[in-house]
Amino acid sequence: MTSGEIPQFDLRVRGTEALSREAWEQNFRSPHFRSFANLLPDGLIVVDPDEVVTFLNTAAERAARLASPFESQALATFLRFSDFDMDDFLASAERGHAQGLVRAKTSGTIYQAMRRVLLVAGSASGFTVYFLRDPDNQDRAKRGVTGRSISAGDQRENARLLFPEGLKTQVEQAVRAYARSFRILLLGESGVGKSAIARHIHLTGGDRGRPFVHVNCGSIPETLFESEMFGYERGAFTGALQAGKRGYIESAAGGTLFLDEIGEIPLSSQPKLLKFLEDGTIQPVGSSASKKIETRVITATNRDLTEMTRQGGFRKDLLYRLSTFPVEIPLLRNRSDKAAILDMMLERASQERGAPLKLSATCRSILMRHPFPGNLREMKSVVDYLDIVAADVAMPEHLPPTFTRAVGAETERSQAALAMATPEIEPGGRTLKDMARAFEQRIISEALDRLGSKRAAAKELGVDIATIVRKTNRVGD
């Protein structure tokens, strides 16, 4: 730890003695408290017993996207002008729940929310403290990382590194289609990177400040799909929030609506989505008026929508509306840049942990031969596992338990390959130099065949790429 750094720690509000209202207010006005609270990466909101906002830390102000300070304003006013959709959480808090979720209206980010009450002496009420934990901060905390978040430029560059030539061309064309408001349909198995490509298209095709609302259609219960997607008015149904609720489509206004797992949309809700795609209008549940919403639409699925239309599970006209520009994303095991993707993930892990994470030759060989049925998601999971269990060089025994059989099989294959690669000593004219060169060439050829690139072969064999280029060009001399 260098000078000036603050070590990571947890801040928790436990049961405290009741103070007078004046004492609490003095604490919240204290420059020491404010300086400390503004260092926190997550949002902190303090509301007094009269439901007036007493304090917002810097993280909360930034996430709320406030145009002006809102301290000393009513909580209801703050909620009306802020980017936080806290209605569901506050309704849950009234029923006695201290934890829940808060959604950002613009970006769709889901914050983990916690509510605590600081009692005022001689009163049944008190100051209410709301903690809003940013999921990005939580992910970094789990890994012991306090570094900066990934910028839009970083995300563009990372996405670019993940694209082999064929897919890169498709994605570049999709960006041009997106810029002209054509609808993009991303097709591919689970874990191939559909969400990352959707975000890349959004960032590359326009201003990063525009909202990107990611909706997993498969996670929304059928009975709630319309109210979640299109919103609802107050009193629309039993249990509806008094203020009504904005839907995902309206939250994506001016930006991108990313409908993931589009094949899971209930058949009964498909006509209403089709109408939105045709004329750009939505009608919230319980409302007699329509709203015009301008947003670009990207969809994704791992299902065969054409087959679903044949079986009656998906509307043909909806499929035609969604698939203006389809993009087929290949399986990881079929990609020519598999080794480069692995190296990029290792490099990223090394940067986050602050120490290099490398693979032994055998460990790399096992990973390169693994089919990765879970695609990019599975590869990242394996690298994250190695990040935890390995020191600086990951060995086969550090791989997850699911790789145990593969390790044994790979060891047998490696021994067989080594035996086959050893050149026979031919009497009559073959010098030691000739035999050494032949052995070296077989080793290099085997590495190139297995890894698919000279750079990856050089990395595994512990030489620079210029050496591999020189020795492969020497063949036939």
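The values are calculated or read from the model by the stated rules, or taken from the named source; none is laboratory data. Everything numeric in this text was worked out from a predicted model, so none of it was measured. FYI the Cβ positions are ideal-geometry reconstructions off the backbone, even for glycines, and counts take in every protein chain you see.
Overview of results
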{"quantity": "Among the candidates Ser251, Ser336, Ser269, residue that is within 30 Å of Arg450 (Cα to Cα) and hydroxyl-bearing (Ser, Thr, Tyr)", "calculated": "Ser336"}
{"quantity": "Qualifying positions in segment 336-386 - of a type in the set (Phe, Trp, Tyr) and in contact with a helix residue (DSSP H, G or I) (Cβ under 7 Å, 6 or more places away or on another chain)", "calculated": "Phe372"}
{"quantity": "Count of residues meeting criterion [among the polar types (S, T, N, Q) and either under 19 Å from Glu189 (Cα atoms) or in contact with a His (Cβ under 9 Å, 6 or more places away or on another chain) (or both)] in segment 310-343", "calculated": "3"}
{"quantity": "Candidate set: segment 86-96, residues that are surrounded by fewer than 21 Cβ atoms within 10 Å (Cβ to Cβ) and outside any loop (DSSP other than H, G, I, E, B); chosen: the one farthest from the chain's Cα centre (by Cα)", "calculated": "Glu94"}
{"quantity": "Residue count, segment 54-85 (criterion: in a strand (DSSP E or B) and among the aliphatic types (A, V, I, L, M))", "calculated": "2"}
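Each row is one residue, and each column tells you yes or no for (1) surrounded by fewer than 15 Cβ atoms within 10 Å (Cβ to Cβ); (2) modelled with pLDDT of 70 or more; (3) in a helix (DSSP H, G or I).
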| position | (1), (2), (3) |
| --- | --- |
| Glu397 | yes, yes, yes |
| Ala406 | no, no, yes |
| Ile425 | yes, no, no |
| Arg430 | yes, no, no |
| Asp434 | yes, yes, yes |
| Glu446 | no, yes, yes |
| Val463 | yes, yes, no |
| Thr472 | yes, yes, yes |
